[in-house]
Amino acid sequence: MSKDIQLQKRLYKKLYLIRRAEERIRDMYFDDEMKTPMHMSRGGEAIAVGVLEAAGEKSQAFGTYRSHALYLARTMETDKFFAEMYGREAGAAKGLAGSMHLASPEAGVMMTSAVVATTIPVAVGAAFANAYQENGKLVVSFFGDGAINEGVFWESINFAALKKLPILFVCEDNDFAIHSRVKDRIAHTSIGEIAKQFGFVVAQTQSTDAEEICNITKDMLEEMKKIEMPGFLYTKYYRYLEHVGVNEDFEAGYRERTEAEEWMKRDPIELQRKKLLESGVPEQEIVALEEAVTKDIEESIAKAKDAPFPKKTEVFENLYA
């Protein structure tokens, strides 16, 4: 079996894991046992999966409150993930962080945050530290199009360019900052063209193909090393569900279902599954992979429900002051 098919299988497993995990969250959310707000990754899974595959296991990733895809693509674990969704002591942050602040530093998921743009300068700081230590680590900073409106974004990319830091900025543009379209918020027409003015290696894509995004990112990383400058990857995708929550919201009046339907014709999970079949992977092998992922998820959910809540004194632990 060729290396490319092995890559396709690895990408599909990650994509399917993210999609299936979020489907189960949607199934159970209104039981009201998960007390955390949910910002779902549905529609944009290929970005985190493709970029992180190219970045490699030693890279450090920083993200947003829409953190499920980032966390699962890197860790490939669901025990701590679901325990955190249920606020249990066995969670990734002992049940104290919920969906919006997932992290696994040992796996390279350094932090995610509920506040727009706040992880961008921290990511730049990590890249500065890596450059100072000459440890060869790459930082990947994921953020949404809404973060471009924040002053700290511009300060961060300016500093990264001046110091020639080993950092890849990844803008995940789903067209909406909650309900406001990009055209109603941003006067410039191309953030990619602006990033070029800082000397960045720049690429732009509307692909929902995780393998294509992976290859674009690999090419960028090679060029970044060659010219010793940061990179800026601008991606477009479409958020299938509401800004926060587990439902569709097409009746809200700010967007039309037909927009989503056009993007769904290129759904990242269905696209990758079709590629596997076209590459000659037997369907029963794909089904077996899907069943194994589903089994792991169901076992993790059962463990999470049975796990204890953190002790009340836990809120006073691990504090700086």
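A few remarks follow.
- Whether region 153-299 is rounded, prolate or oblate, judged on the alpha carbon gyration tensor where a/c under 1.5 counts as rounded: oblate
- Once the Cα-Cα distance is subtracted from the 0.36 nm per residue extended length, the LYS163 to GLN133 segment shows a gain of 9.4 nm.
- Amide H within-cut-off set for LEU168, under 5 Å, with H built and near neighbours excluded: VAL139, VAL140, SER141, GLY231
- Loop-located chymotrypsin sites (Phe, Trp or Tyr not before Pro) in region 199-259 (DSSP state other than H, G, I, E, B) with a sparse environment of at most 13 neighbouring Cβ atoms within 10 Å: TYR254.
- Cut-off 20 Å, label 7 Å out along Cα→Cβ of LYS305, residues of region 65-98 by amide N: 78-92, 95
- Taking every lysine pair in region 112-261 that is 8 or more places apart or spans two chains, those with Cα atoms closer than 17 Å amount to 15.
- 3J(HN,Hα) couplings calculated from phi for region 132-149 with the Karplus curve 6.51 cos²θ - 1.76 cosθ + 1.60 (θ = phi - 60°) are, in sequence order, 5, 7, 6, 9, x, 7, 9, 9, 10, 10, 8, 7, x, 5, x, 5, 5, 7 Hz; Gly and Pro show x.
- Remark: region 40-48, residue by residue, has Karplus-estimated 3J(HN,Hα) of 7, 8, 4, x, x, 4, 5, 5, 4 Hz, where x stands for each Gly or Pro and the curve is 6.51 cos²θ - 1.76 cosθ + 1.60 at θ = phi - 60°.
- Charge dipole of the chain (Cα centre as origin; +1 on each Lys and Arg Cβ, -1 on each Asp and Glu Cβ, all else neutral): 740 debye, rounded to the nearest 20.
- Taken about its Cα centre, region 140-203 carries a charge dipole of about 220 debye when Lys and Arg each add +1 at the Cβ and Asp and Glu each add -1 at the Cβ.
- Centre-to-centre separation between the Cα atoms of region 154-205 and those of region 213-272: 15 Å.
- Vicinal HN-Hα couplings computed from phi for region 198-213 (Karplus, 6.51 cos²θ - 1.76 cosθ + 1.60; Hz; Gly/Pro x): 8, x, 5, 6, 10, 9, 9, 8, 10, 5, 10, 8, 4, 5, 5, 4
- Two-site FRET efficiency, ARG266 against LYS225, from Cβ-Cβ distance with R₀ of 35 Å, rounded to 0.05: 0.65
- Farthest toward positive dipole pole in the chain [+1 Lys/Arg, -1 Asp/Glu at C-beta], among THR258, ALA54, MET34: ALA54
- Cα Rg, Dmax (largest Cα-Cα span) when computed across region 1-93, Å: 14.0, 46
- If only the Cβ of Lys and Arg carry +1 and only the Cβ of Asp and Glu carry -1, the dipole of region 159-247 around its Cα centre is close to 380 debye.
- Positive dipole terminus of the chain, leading residue within ALA304, TYR320, LEU276 (C-beta point charges): TYR320
- Stokes-Einstein diffusion for the chain, with the hydrodynamic radius set to the Kirkwood value over Cα pairs and evaluated at 37 °C in a medium of 0.692 mPa s, equals 162 µm²/s.
- Environment charge of VAL281, counting only residues whose C-beta is closer than 11 Å and scoring Lys/Arg +1, Asp/Glu -1: +1
- Gained length - GLU278 relative to GLN206, 0.36 nm times residue gap less alpha-carbon distance: 23.7 nm
- Other residues whose C-beta falls under 11 angstrom from the C-beta of PHE143 contribute a net charge of -3, scoring Lys and Arg +1 and Asp and Glu -1.
- Euclidean distance of C-alpha centroids, region 4-39 and region 99-145, integer Å: 22 Å
Where a number appears in this text, it was derived from the coordinates with a stated rule and is not lab data. What you see is a predicted model, and the numbers here were worked out from it, not measured in a lab. Counting neighbours? That spans all protein chains shown, and the Cβs are built from the backbone with ideal geometry, glycine included.
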